[in-house]
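Single-structure report; data block below.
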Amino acid sequence: MKDKIIFKTALTFAIIGILILFVIVENTTIDEKQINNITENDLEKTVRISGEITKIKQTKAATFLEVSQKNSIDIVIFEVKNFSVGKKVEILGKVDKSDNNYQIIANKISVKS
C-alpha cells in the first residue's frame, strides 16, 4: 500500500517538474544580436541574428551561408536546406571561431518574409 502512494507521489512530482521545465523553455527568449557586436565573450554562447544571405557555399559535409547586416558573418549548417541569395533569414546558433573569424553554427534557421 505504501509503495503505491510513494509511486503515485513520485510520478505526480515528475510530471509537474516536466511541465514547469516546458513552460520555462517556451518562455525563454534570446535577444537579437548585431553581427558587429559579436565578441570573444560570445564564444560557445547561443545568439540570435537576422540578416540577408549574400553568399552560399555547399559542400558534402555542410552548407555555409554568408549573412550580412552592415557587417557579415558565416553561418554553418549541417543539414540539407534550400536557400537563395537575397533571402532574409533569422538564425539561432552557437558562436564559434574559425581561421580567426567568428562564425555561427546554426541550430535553427527561419526565412523571413
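If you go through the stretch 54-101 and pick out every residue that is among the charged types (D, E, K, R) and within 14 Å of Lys112 (Cβ to Cβ), you end up with 3. Looking at the stretch 53-72, can you tell me whether even one residue there is over 26 Å from Gly86 (Cα atoms), of a type in the set (A, V, I, L, M), outside any helix (DSSP H, G or I) and under 15 Å from the mean Cα position of the chain (by Cα)? The answer is no, given that none of the residues of the stretch 53-72 is over 26 Å from Gly86 (Cα atoms), of a type in the set (A, V, I, L, M), outside any helix (DSSP H, G or I) and under 15 Å from the mean Cα position of the chain (by Cα).
Scanning the stretch 35-64 for residues that are more than 20 Å from Asn100 (Cβ to Cβ) and in contact (Cβ under 8 Å) with a residue 12 or more places away in the chain returns Thr46, Arg48, Ser50, Gly51, Glu52, Ile53, Thr54, Ile56, Ala61, Thr63. Filtering Asn36, Asn41 for residues that are exposed (fewer than 15 other Cβ atoms within 10 Å of the Cβ), in contact with a Lys or Arg (Cβ under 7 Å, 6 or more places away or on another chain), modelled with pLDDT under 95 and assigned to a helix (DSSP H, G or I) leaves a single hit, Asn36. Mind checking whether some residue in the stretch 16-32 is closer than 20 Å to Asp96 by Cβ and either in contact with a Cys (Cβ under 6 Å, 6 or more places away or on another chain) or surrounded by 10 or more Cβ atoms within 10 Å (Cβ to Cβ) (or both)? Yes, the stretch 16-32 contains a residue that is closer than 20 Å to Asp96 by Cβ and either in contact with a Cys (Cβ under 6 Å, 6 or more places away or on another chain) or surrounded by 10 or more Cβ atoms within 10 Å (Cβ to Cβ) (or both). Would you pick out the residues in the stretch 52-93 that are among the aliphatic types (A, V, I, L, M), exposed (fewer than 12 other Cβ atoms within 10 Å of the Cβ) and either in contact with a Pro (Cβ under 8 Å, 6 or more places away or on another chain) or within 15 Å of Ile109 (Cβ to Cβ) (or both)? Scanning the stretch 52-93 gives Val80, Val85.
The values are calculated or read from the model by the stated rules, or taken from the named source; none is laboratory data. All figures in this text were calculated on a predicted structure; none of them were measured in a lab. No Cβ is skipped: glycine too gets one built from the backbone with ideal geometry, and neighbour counts run over all protein chains shown.
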